[in-house]
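Readers should treat all values here as calculations from the given coordinates under stated rules, not as data from a laboratory. Predicted model, so just to flag it, every value in this text is computed and none were measured. Glycine gets a Cβ as well: all are built from the backbone with ideal geometry, and neighbour counts include every protein chain shown.
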Amino acid sequence: MASPLTLLLPVIPGTNLSTIGQALAESNAQLDAALTSIGTVHYARILLLDASTPNLQPGGNQSDSYVIAVITEYDGSFNDYIGDFVAQVGQIFDTLLQVVVGGAAVTPVANNVNAFAEFIALNDASQHQPNVNMYQAYTATVQEILANLPSS
């Protein structure tokens, strides 16, 4: 059974939108490779939201209301998942957390694994009411799904 992560990270007011976009763009290939290597992530996406707009879409204007959303579904325990992330993409989180409110206190994440896990849990909307429900159409793990894919 998969578990959700809906990590909402408020961006430090005054942070330039291009700084955030550049950090996210530069990490895409490494992040995709790490997620494949970890082998427990069903889906993952990173969104930049603007709480100052009605539909949360960033319009390109300077705002003090940006939120970085990391949304994933993963197999296994929360602590194992965080450990995998620290091992595989800790440096990406170190860079990203420099523009996040409270993020500097848990970096480098490799030296602050417990504090980082607590920070993630505190900012994970999936772990807080009323956001604890998740529909799941299947119970197969990522590895079970991959093992049953037709060979090409």
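If you go through the range 49-86 and keep only what is crowded, with 16+ Cβ neighbours inside 10 Å, within 21 Å of V99 (Cα to Cα) and more than 11 Å from the chain's Cα centre (by Cα), you end up with L49, D50, P58, S63, Y66, V67, V86. Restricting attention to the range 133-148, the residues being among the aliphatic types (A, V, I, L, M) and touching a Gly at 6+ places or on another chain (Cβ under 7 Å) number 1.
Scanning the range 37-60 for residues that are aliphatic (A, V, I, L, M) and over 19 Å from Y138 (Cβ atoms) returns I38, I46, L47, L48, L49, A51, L56.
Taken over the range 24-55, the criterion of being out of contact with any Leu (no Cβ under 6 Å at 6 or more places or on another chain) and small (G, A, S) is satisfied by A25, S27, A29, A33, A34, S37, G39, A51, S52.
A Cβ distance below 6 Å, combined with a sequence gap of six or more or placement on separate chains, defines the contacts here; from the range 100-126, residues that are within 23 Å of T19 (Cβ to Cβ) reach residues that are outside any helix (DSSP H, G or I) and not hydrophobic (A, V, I, L, M, F, W, C) in the pairs V101/P10; V106/N112.
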